[in-house]
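The values are calculated or read from the model by the stated rules, or taken from the named source; none is laboratory data. Since we're looking at a predicted model, the values are computed, not measured. In this analysis, Cβ positions are derived from the backbone assuming ideal geometry, glycine residues included, and neighbour counts consider all displayed protein chains.
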Amino acid sequence: MGIRLGGTTFSFMWSEPAPVTMRRMGELGLKEFDVIMAPGHLWPGELDGAARRRLRQDLAQDGLRVESTNMPALDFNLGSCLPEVRAYAVGCYGDALRLSADLGGRGVVVVPGRVSGLLPPRRADTLSWLGDSIAALLKIADETGQDLLLETHPQTAIATAEAMAAFVESFSHPRALVAYDVANAEFIGEDQAEAIRRLQPMLAQVHLSDATRTSWKHDRAGRGTVRFDRVRQALEEIDFSGVAIIEVISPDTLADTEATLAAWGA
């Protein structure tokens, strides 16, 4: 059995409801999705219990499923120095976990806070604040039967695979897992194949798109310097059982996603 491939609704979060995007991308052969949460696209407060049940049933009838929900990271900072901001973020991520559970998803992709590139707090302080937030979310994850998929991201205090692995290992919790983004890793100069091997015990999701060491993008395969052949080889080597999300963000997402699928060999 090959690596499971999924899609993202990222490029369409401001233009159409998530189910519409999922059905259009389903025509490319993608059936599992990391769904971005935004009002008008997919948002907890806009779906009561009955609406959630209908949506899950409708998607299932089309052979589609929500693999994960994904919060807009600029608006929710789990590593903020402000306790009120962290509490609000935890509440919103909690809502995302409950929505994912209602829709039959695995969990929520979590960008672990953002830090200033100019004058951030001490890293130890940021990790302490972030740790408190993740601990609170893990309690909700246990209640809902969902996973936290912490994403490697260049604007956080744990941008590298090694830093992420150490952070996740500090919890020793089966629901604290990782979503590894190869474009984010390329931008910070990380060897993605080695990172995948390091993250093997906790790797639950992989995000696939292209970037360079000098340009942070989520391009179609072939427009950057990500070695997708080495990424695929590493995933096969560790017998990766999660979903690899094609996370192209562009003005022509459907065509660029299709091109990336072709480059991957799907």
Members of segment 178-208 found to be in contact with a His (Cβ under 8 Å, 6 or more places away or on another chain) and of a type in the set (Gly, Ala, Ser), listed by number: Ala179, Ala183
Residue check, Phe76 surrounded by 20 or more Cβ atoms within 10 Å (Cβ to Cβ) and at pLDDT below 95: yes
Output for segment 141-160, where each listed residue is within 17 Å of the chain's Cα centre (by Cα) and assigned to a helix (DSSP H, G or I): Ala141
Of all residues making up segment 29-57, the number that are surrounded by fewer than 17 Cβ atoms within 10 Å (Cβ to Cβ) and touching a helix residue (DSSP H, G or I) at 6+ places or on another chain (Cβ under 6 Å): 0
Subset tally (residues that are closer than 20 Å to Tyr88 by Cβ and hydroxyl-bearing (Ser, Thr, Tyr)) for segment 115-173: 6
Single residue of Glu32, Glu27, Glu46 found to be on the phi < 0 side of the Ramachandran plot and within 20 Å of the chain's Cα centre (by Cα): Glu32
Output for segment 120-140, where each listed residue is without any contact (Cβ under 8 Å) to a residue 24 or more places away in the chain and of a type in the set (A, V, I, L, M, F, W, C): Ala124
Criterion violated by Gly113 - all others in (1) out of contact with any Leu (no Cβ under 8 Å at 6 or more places or on another chain); (2) at pLDDT below 95; (3) assigned to a loop (DSSP other than H, G, I, E, B) satisfied: (1)
Residue under evaluation Ala163, criteria (1) free of Cβ contacts under 8 Å to residues at least 12 places away in the same chain; (2) part of a loop (DSSP other than H, G, I, E, B), criterion not met: (2)
Of all residues making up segment 236-253, the number that are among the acidic types (Asp, Glu), assigned to a loop (DSSP other than H, G, I, E, B) and farther than 20 Å from Val109 by Cβ: 2
Filter result (more than 30 Å from Glu16 (Cα to Cα) and surrounded by fewer than 17 Cβ atoms within 10 Å (Cβ to Cβ)) within segment 217-266: Thr225, Arg227, Asp229, Arg230, Gln233, Glu236, Glu237, Ile238, Asp239, Ser241
